[in-house]
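Data first, discussion second: the structure below is written as structure tokens.
The values are calculated or read from the model by the stated rules, or taken from the named source; none is laboratory data. Small disclaimer: the values here were computed from a predicted structure and weren't measured. Every residue, glycine as well, gets a Cβ built from its backbone with ideal geometry; the counts of neighbours run over all protein chains shown. The area values use the complete protein model at the heavy-atom level, side chains included, leaving out ligands, DNA and RNA. Shrake-Rupley method; radii C 1.70, N 1.55, O 1.52, S 1.80 Å.
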Amino acid sequence: LILGCKNSIIPDGVTSIGDYAFWGCDGLTSVTIGKSVTSIGYCAFSRCSGLTSITIGNSVTSIGIYAFSECSGLTSITIGNSVTSIGENAFSSCGGLTSIAVDKGNTVYYSENNCIIEKSTKTLILGCKNSIIPDGVTSIGNYAFSYCYRLTSITIPDSVTSIGHHAFYYCTGLTSITIPDSVTSIGEDAFCNCSGLTSITIGNSVTSIGNSAFSSCGGLTSITIGNSVASIGENAFYECSGLTS
């Protein structure tokens, strides 16, 4: 399927929803993905702001990069048991998300506490405003909470050792965060544009802070950097104009 509209019914027999097929179709309010569809392409449903929930059936194996990004009305996602690949930013800028679930039969991903976690690496790849990061997660993946502007607080458990790039990018509702001593690296742009942050404590195991990791956090007034930091990237605290300590 290469092009659809708000009145489209995806016919039986369609195996792939192509790149940009429904991009910007803000009048689309619901979609049923048939049993024959195995892949959802790049930006396939991006900017479909009228979508409120999506169920990805058990035939789908891959969800493309930005497939459902900027679906601002989306509140719930259910992912079937055959999905083995979820592209980066597949659900980024879906700030209204409150519920995330993965079918229990899925062998690659599982859901817990409104998080999607990759089983083999224990990497959290998608969260939402209601997420509680489970104990046992070892990495917060790239873009995991990006543009989750309704997230106001999050606790990072002691099992987490790395925070990926853009992990909390544009989480403007966050007011404070403590990075535990288990974390060794903070990726570039990890907390960039978290304008609501007022304080940050970086634990004693962190050795590197990536480029622009906390840039444009204008609300930050204080930072505590742990004793193991050996590398602070370019522009790590750029435009943190409120810093006093």
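Residues are listed down the side, and each one gets a yes or a no for (1) open to solvent by less than 20 Å² (accessible area, probe 1.4 Å); (2) among the β-branched types (Val, Ile, Thr):
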site	(1), (2)
ILE117	yes, yes
ILE125	no, yes
ASN142	no, no
PRO157	yes, no
HIS166	no, no
ASN193	no, no
THR201	no, yes
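Within the stretch 41-53, residues that are part of a strand (DSSP E or B) reach partners that are open to solvent by 10 Å² or more (accessible area, probe 1.4 Å) and not small (Gly, Ala, Ser) with beta carbons closer than 7 Å, at six or more positions or on different chains, in the pairs SER53/THR75. Scanning the stretch 54-71 for residues that are open to solvent by 60 Å² or more (accessible area, probe 1.4 Å) and farther than 17 Å from SER8 by Cα gives ASN58, ILE65, TYR66, GLU70.
Residue check: ASP26 meets all listed conditions (1) open to solvent by 60 Å² or more (accessible area, probe 1.4 Å); (2) within 21 Å of TYR109 (Cβ to Cβ) but one, namely (2).
From the set of residues in the stretch 76-99 that are outside any loop (DSSP other than H, G, I, E, B) and open to solvent by less than 10 Å² (accessible area, probe 1.4 Å), which is farthest from GLY50 (Cα to Cα)? For the stretch 76-99, the residue satisfying everything is ILE79. Name the one entry in GLY141, GLY127 that is in contact with a Cys (Cβ under 9 Å, 6 or more places away or on another chain) and closer than 29 Å to THR172 by Cα. Every option except GLY127 fails the conditions. Per the listing LEU174, LEU197, LEU243, LEU220, the residue uniquely surrounded by fewer than 18 Cβ atoms within 10 Å (Cβ to Cβ), in a loop (DSSP other than H, G, I, E, B) and hydrophobic (A, V, I, L, M, F, W, C) is LEU243.
When restricted to residues that are under 17 Å from ILE63 (Cα atoms) and either assigned to a loop (DSSP other than H, G, I, E, B) or polar (S, T, N, Q) (or both), the stretch 11-28 contains 9.
For the structure I just gave you, tell me whether TYR110 is open to solvent by 50 Å² or more (accessible area, probe 1.4 Å), assigned to a strand (DSSP E or B) and either in contact with a strand residue (DSSP E or B) (Cβ under 8 Å, 6 or more places away or on another chain) or closer than 24 Å to THR224 by Cα (or both).
Details: open to solvent by 50 Å² or more (accessible area, probe 1.4 Å): yes; assigned to a strand (DSSP E or B): yes; either in contact with a strand residue (DSSP E or B) (Cβ under 8 Å, 6 or more places away or on another chain) or closer than 24 Å to THR224 by Cα (or both): yes.
Spelling it out, TYR110 is indeed open to solvent by 50 Å² or more (accessible area, probe 1.4 Å), assigned to a strand (DSSP E or B) and either in contact with a strand residue (DSSP E or B) (Cβ under 8 Å, 6 or more places away or on another chain) or closer than 24 Å to THR224 by Cα (or both).
On the given criteria, is SER208 touching a residue at least 24 places away in the same chain (Cβ under 8 Å), surrounded by fewer than 22 Cβ atoms within 10 Å (Cβ to Cβ) and either over 20 Å from SER245 (Cβ atoms) or among the small types (Gly, Ala, Ser) (or both)? Criteria met by SER208.
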